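Below: one structure in structure tokens.
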Amino acid sequence: MKAVIMAGGEGSRLRPLTCDQPKPMVPVMNRPLMEYGVELLQRHGFREIAVTLQYLPEKIRDHFGDGRRFGVNLHYFVEEEPLGTAGSVKNAASLLDETFVVVSGDALTDFDLTAAVEFHRARNAAATLVLKSVENPLEYGVVMIDPEGRINRFLEKPGWGEVFSDTVNTGIYILEPEVLSLVETGRMFDFSKDLFPRLLKMGEPLFGCVLDGFWCDIGDLREYLRAHRAILGGKVRLRLKGRQCGKGIWVEEDVSIHSQAQLSGPLYLGAGCRLEAGARIGGDTVLGSHTRVAERATVKRGLTWVGAYIGRDAALRGGILGRAAQLGRRAALYEEAVVGDCSVVEEGVVIKPGVKVWPNKVVESGITLRESLIWGANVPRGLFGRYGIGGEINRDITPEMVVRLGAISGSLLQGPVLVSSDADRPSVTLQKALVAGLLSAGAAVLDAGELLIPMARRATTYLGAAGGIHLSQSPEEKHGIRLSFFDADGLPLSRSLERKIEQLYCREDFPRAPGDALGEPLRLPNMAEPYRGELLRNISPEKLARAGLRVVLGHPTPYLRRFLIPLLQELSCTVITVNAATGTGNSADGSGSPGDNLPLQRYSDLAAAVRNNSATLGVVIPRGGEKALIFDERGRAVRGDLYTALLSLLVFRARRGGTMAVPVHVSQVVERLAERYQGRVRRTKGAPRHLMMPDSEGGDSRKGSGNLSATLSFDGIAVLIYLLDLLAGQDLTLTGLLEEIPAIRTKEREIPCPWTMKGRVMRRLIQESADQEREMIDGLKIYHPQGWALVLPDPEKPSYHIYSEACSEEFSDSLTDLYVQKIDSLRKEEVKK
């Protein structure tokens, strides 16, 4: 039988361990990782093995040779340029003239490959993917299969709203040689992104085989450490070179252990290790060959490569020492920190958790290292949330972090970048750091100064910038800061580009411009004017002038006072402001304390001002300017699904046949309004980018702020101005307009569910609802005779949101309760397994 080992991985997320080493050669239990893959194949009868290489190929060739000492014949195929996973295997097609298995050279597994091949042949499959059930499927390709194992859907690294199963692609495939004819030459071609979706679309027999056993994609340092601890814990069936000489203690040859050294398993000592008097080696430790542990040094959960040195009284606590790395006297290295090959950590140094030291560096004595050497602090697993990158100033978001984000963005966007902020001191401070980072990457910076977020989006497209970044105080946190990123169309970045930024941030080796190629800043004042002009072009100022509308503006920021009040006055509106501190009403030239993001009960002063002044409406524009909280002339707030329905009315009335994009959880009254005005509703995911994307089917191909649905969904000032224009032009009251909207009976509840259970619970829900009408655009939406229910995993919390809508409040409540109980029951069942 024949097989392919894909061994071209660079291992960027394992750096600095892979700076001079291909990922398949990274040692696991003191042996190159790929050795376990070769032995697994040999054990299951595979003798002819193709090895695809790209990054540092000579390292693998030199170690494995022709494969004879492993009982196999190895044939090497080197990619001169990246071909993708499927392209690299096709590069070895000359050897593959029968059913063959593909495995990854940088994953660790003890799967029964014979069972997988039998499964494949029994179903006459063209391709079979080996699948594994995992607790957190977000970082993998999720594969959905029917009860017979036939694949019906792929989800590549989904968000929680797309996690419909916990079975993931392990990168192990059984293939017929004919499928390689579908692999296109001359370009990157992947199995998961290209070949398998094509086979699925063609209706070819494509199956998934779920296997028990251990599998670990050693993609980052955390998984690298986890693999070692799993082996030490007896969870992986593989052969170790060492002999067991005590409970949980494995030792290779020529190990020297002083009589006063203390060992507590499970642990593994490579050949030639030397433990001196008083050395203490604790559990979950693996010491590479010829590691020396000096007197009274302690190691717990530590990992070293060949030739490492741990000095007297030093402490290794969950960290990693690379080849010939030295941890000096009384130095300490903590959890998931890494010291690269041949680096020296001098006496008394403390290296904090997660810090990385690149190869061949010296950390001078007495330093407490909190940031990685060379480029900066370590990174959380994911930077981007639903609305960009956010967190508390100087804790989650630091100037150093923003400089690095600027440098990465400048290197990726390949063109001028617009930068703007609000006027808050943290935003202005971090804006300077961001500009410095962008300039260091050689990017030209278009400094637009103070703007609101919708203005920054429009300015990005108006100026033809490659992208934009806006800094603003978070509406949710008192000391929070938010970085909003836009592409050239003013849209939030695609998830693929967000991932590139996160990966470069993690790798910490993004390019820098030479001194003579640094970027230059260009100051651009008055960038709110193009935005203002666009608003005025899309309304009828004459009708507004005749109407003489009255607007109560609640808690305006200084910027809104400077921009919005003059704009409303230009449209002949009387503006009454309500101050956050006192709740008193003033004329437009009055003063008061700005405020935003207050709970609804705190707006009672504004509601009263609307009634007392016989106003047309009241409005609060929260900080950032992306939303509007509207109050009708009776002082009633327009929120939630009612707000979305109001925006839909503005779209449908503005243009017959117009399209409104709404999230899947919003009430279906929007469809009823669309039917009345011959409009169209596009249901999509709730992420801002999806709501702002152009409508490819409905005739409106304008992107970002260029289409009305996108504009109204994320621009509070535009909502206010277009709403006033509609009321004036049609001689309507806001109450009268709202009466056009049918009754909304949606309900929402949140139910906790541990992260480790979310994928499994969703898989069970999908299996149990197989015979019902359903949608899987964002979460799982199930239709019932009396209404619908949506189960939507929260992307940032260990919980689910349950939405429902029915013909009555009672039915809506009952549907919500039904799925809350289902999730709770399924969660308890999974705990018992």
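The values are calculated or read from the model by the stated rules, or taken from the named source; none is laboratory data. Keep in mind it's a predicted model, so treat the numbers as computed, not measured. A quick note on method: Cβ atoms are made from the backbone with ideal geometry, for glycine too, and the neighbour counts reach across all protein chains shown. All accessible areas refer to the heavy atoms of the entire protein, side chains included, with ligands and DNA or RNA removed. Shrake-Rupley method; radii C 1.70, N 1.55, O 1.52, S 1.80 Å.
Rounded to the nearest whole Å², what accessible area per residue is found for the range 168-246 with the 1.4 Å probe?
Values: 3660 Å² over 79 residues.
I get 46 Å² per residue for this part.
So which aspartates and glutamates pass the test for residue 300, namely a Cα distance under 14 Å, with those fewer than 8 places away in the same chain ruled out?
Candidates past the 8-residue exclusion: 284, 313, 335, 336.
Please report the spacing between the Cα centers of the range 49-84 and the range 674-696 in Å, no decimals.
The range 49-84 and the range 674-696 have Cα centres separated by 50 Å.
At q = 0.06, 0.09, 0.11 Å⁻¹, work out log10 I(q)/I(0) for the chain with the Debye formula, treating every Cα as an identical point scatterer and leaving solvent out; two decimals please.
After summing over all Cα pairs, the log10 values are -0.49, -1.02, -1.33.
For the pair residue 797/residue 608, report the inter-label distance in nm, with labels modelled 7 Å from Cα in the Cβ direction.
Once both label points are built, they end up 3.2 nm from each other.
Two decimals is fine: what's Rg over Rh for the range 46-187, C-alpha atoms, Kirkwood radius as Rh?
Details: Rg = 16.3 Å, Rh = 16.7 Å.
Looking at the range 46-187, the ratio lands at 0.97.
Between helix 640-654 and the chain, what is the angle of the helix's C-alpha long axis to the longest principal axis, kept within 0 to 90° and rounded to the nearest 10?
Compared with the principal axis, the helix lies near 60 degrees.
Ratio to report: Rg/Rh of the range 491-566, with Cα atoms as the point set and Rh obtained by the Kirkwood method; give two decimals. List each step's numbers first, then the result.
Working: Rg = 21.7 Å, Rh = 18.0 Å.
Reported Rg/Rh, Kirkwood definition of Rh: 1.21.
Further question on the same structure: Counting only protein heavy atoms and a 1.4 Å probe, tell me what percentage of the chain's accessible area is made up of carbon and sulfur. Write down the numbers at each step before the final one.
Values: 15840 of 33790 Å².
Exposed carbon and sulfur together represent 47 percent of the surface.
For the range 434-467 and the range 276-325, write down the distance between their C-alpha centroids in whole Å.
Between the Cα centre of the range 434-467 and that of the range 276-325, the gap is 49 Å.
Further question: Determine one quarter of the surface area of the Cα convex hull of the range 755-797, which equals its mean projected area, and express it in nm² to one decimal. Walk me through the numbers on the way to the answer.
Values: hull surface 13.1 nm².
Taking the Cα atoms of the range 755-797, their convex hull projects to 3.3 nm² on average.
To continue, here is another question. In degrees from 0 to 90, rounded to the nearest 10, what is the angle of the helix 716-730 Cα long axis to the longest principal axis of the chain?
Tilt of helix 716-730: around 30 degrees.
Taking one equal scatterer on every alpha-carbon of the range 236-383, how large is log10 of I(q)/I(0) by Debye at q = 0.17, 0.19, 0.20, 0.22 1/Å?
Log10 of I(q)/I(0), two decimals: -0.86, -1.04, -1.13, -1.31.
Here's a follow-up. Using 18 Å as the cut-off for backbone N distance, which residues of the range 56-78 belong to the label zone defined by a point 7 Å from the Cα of residue 360 along Cα→Cβ?
Only 56, 59 pass the distance filter.
For the range 423-507, what is one quarter of the convex hull surface built on the Cα atoms, given in nm²? Could you put the intermediate results ahead of the total?
Working: hull surface 24.1 nm².
Reported value for the Cα convex hull: 6.0 nm².
Enumerate the calculated ³J(HN,Hα) couplings along the range 800-808 in order (Karplus 6.51 cos²θ - 1.76 cosθ + 1.60, θ = phi - 60°), each rounded to whole Hz, writing x wherever the residue is Gly or Pro.
10, 9, 10, 10, 8, 8, 8, 6, 8
Any chance you could give the angle, 0 to 90 degrees and rounded to 10, that helix 399-413 forms with the longest Cα principal axis of the chain?
Approximately 90 degrees, to the nearest 10.
If eta is 1.002 mPa s and T is 20 °C, what Stokes-Einstein diffusion coefficient results for the range 656-797, Kirkwood Rh from Cα pairs, in µm²/s?
Working: Rh = 17.5 Å.
After rounding, the answer is 123 µm²/s.
What number, rounded to the nearest 500 deg cm²/dmol, is the helix-based mean residue ellipticity at 222 nm of the chain, given -39500 (n - 2.57) per DSSP H run of at least four residues and division by all its residues? Display every interim value, and only then the final one.
Numbers: 22 runs with 240 residues, N = 833.
Only helices count here, giving -8500 deg cm²/dmol.
Kirkwood hydrodynamic radius, the range 347-482, all distinct C-alpha pairs: what's the number in Å? Walk me through the numbers on the way to the answer.
Values: mean 1/r = 0.0621 Å⁻¹.
By the Kirkwood definition, the hydrodynamic radius is 16.1 Å.
Could you tell me the relative contact order of the chain? Use alpha-carbon pairs under 8 Å, at least six residues apart, and round to a whole percent. Working shown, then result.
On the way: 1920 pairs, mean separation 63.1, N = 833.
Rounded, it is 8 percent for the chain.
So which aspartates and glutamates pass the test for residue 627, namely a Cα distance under 15 Å, with those fewer than 8 places away in the same chain ruled out?
476, 596, 641, 715
If you consider only alpha-carbon coordinates, what radius of gyration and Dmax does the range 211-282 have, in Å?
14.0, 47
Return the tail of the calculated pair distribution for the range 641-688, meaning the percent of Cα-Cα pairs more than 14 Å apart. Working shown, then result.
Details: 426 of 1128 pairs.
Everything past 14 Å amounts to 38 percent.
What share of the DSSP beta bridges in the chain is antiparallel, in percent to the nearest 5? Show your work: numbers first, answer last.
Working: 67 of 154 bridges.
Just about 45 percent of them are antiparallel.
What would the Debye equation give as log₁₀ I(q)/I(0) for the range 606-664 at q = 0.22 Å⁻¹, counting only Cα atoms as equal point scatterers?
-0.93
Sticking with this structure for a sec: Please report the relative contact order for the range 143-287, taking Cα pairs under 8 Å with a sequence separation of at least 6, and give it as a percent rounded to a whole number. Could the numbers behind the result be given before it?
Numbers: 169 pairs, mean separation 21.5, N = 145.
Contact order relative to length: 15 percent.
For the range 281-409, report the accessible area per residue in Å² (1.4 Å probe, heavy atoms, rounded to an integer). Mind showing how you got there, number by number?
Details: 4910 Å² over 129 residues.
So the range 281-409 comes to 38 Å² accessible per residue, rounded to a whole number.
If you don't mind, another one. Using a 1.4 Å probe, what is the accessible area per residue for the range 746-824, in Å²?
Numbers: 3490 Å² over 79 residues.
Here the per-residue accessible area is 44 Å².
Less than 16 Å from a label point 7 Å out along the Cα-to-Cβ axis of residue 562: which backbone N atoms in the range 407-447 qualify, by residue?
Only 420-429, 447 fall inside the zone, counting backbone N under 16 Å.
Where in the range 790-833 does the label zone of residue 750 land, with the point 7 angstrom along Cα→C-beta and an amide N cut-off under 12 Å?
Output list for this probe position: 794-802.
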